[in-house]
């Protein structure tokens, strides 16, 4: 897995990701404590609303940003958005009202809505071989997992010396270093498709996504993941500081336990994915998350909470790491940025539902009801996954093209009958074939 770091471009991008993640991890802890400072016991409701605003920015702006990015130099686009994020975070330590938090969160996440899918879609162009790309996905997942452990521990250490607003300075530094590293490399040119109207480019990824059965199943799985994950991200600060009566360092420790479980899964995944298809691994991970959150009402102390959050993190990595492989398999190279943006928008639409739901249920009915309600939503989503994502999902499908002339170049030697190749939704394939045998 580490051998791909010999690729200089990927190495710089990977380090950029790591520094950005550390800064973002510090901001996650600081944002929870800022919500606690402004709203006390209603911090979960405030944080849930702030995270819902983040999701609104992601859902509405990611496809637009993808269409805009297709018309701009890739490197300049990424660097500019990193710098915008750094500037916005500079203002967070100085807020005094909840409304100011909401406004700055929207600006910050509007920039992230453009940066993240564009960055993710760049990696397959840097590492075109599937084996290298799979290793990169595992390594990048591991970086996210290590951040879940390292950033909260770093935050906990810093909180013994400084007040929490200082943590936002680490976020600024992370984005600034990321921008410098992206600027230092030459990125591969995009595979260009034929010229399209801006609206067509904006909606292309969503059209491909919703027309592909495995991706519709993936979206339902993301709802299950978001239902369980929202309990962690929204209610951990309330769970630790209100129910358990503990402090900020224990909040950071709980987030670290989640990250530790995710990191353990990331270490195991390359070998697992060599032996098993993506689908059962991902569904097992989502099921573990939902089942674990369902037993949260039985937990009464940190000794029970930490292994529980570790298990949720383990399931999270199982469900999320192979997503890049699924997306790569489901789009032509020229459509890859659009499909990554669609995944980004639709997956975060799920979080848009579950983040405020987690905050509202916790504030109105208590944390036990919130856990059981979110677990129930996750179970319903998993049932949809098994319904819409076929277990038999070959890459190559037999299909016909009655709409094409017999001498069309795509038909080659099979003008009068079905032909078979790796099937994706694109300009020549607008609908998923009924004939799959």
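The values are calculated or read from the model by the stated rules, or taken from the named source; none is laboratory data. On a predicted model such as this, the values are computed, not experimentally measured, just so you know. Neighbour counts run over all protein chains shown; Cβ positions are idealised from the backbone, glycine included.
Considered as a group, the residues in the range 383-410 that are part of a helix (DSSP H, G or I) and either free of Cβ contacts under 8 Å to residues at least 12 places away in the same chain or surrounded by fewer than 21 Cβ atoms within 10 Å (Cβ to Cβ) (or both) include one that is farthest from the chain's Cα centre (by Cα), and that residue is 409.
The test for being at pLDDT 80 or above, closer than 28 Å to residue 352 by Cα and in a helix (DSSP H, G or I) holds for residue 168. Note on the range 259-350: enclosed helices (runs of 4 or more DSSP H) holding 2 or more residues that are more than 27 Å from residue 59 (Cβ to Cβ) are 278-294, 302-320. From the list 295, 238, 232, the lone residue that is over 25 Å from residue 345 (Cβ atoms) and either crowded, with 18+ Cβ neighbours inside 10 Å or touching a helix residue (DSSP H, G or I) at 6+ places or on another chain (Cβ under 6 Å) (or both) is 238. Out of all the residues in the range 71-103, which are crowded, with 19+ Cβ neighbours inside 10 Å and more than 28 Å from residue 8 (Cβ to Cβ)? Hits for the range 71-103 are 88, 89, 92, 101.
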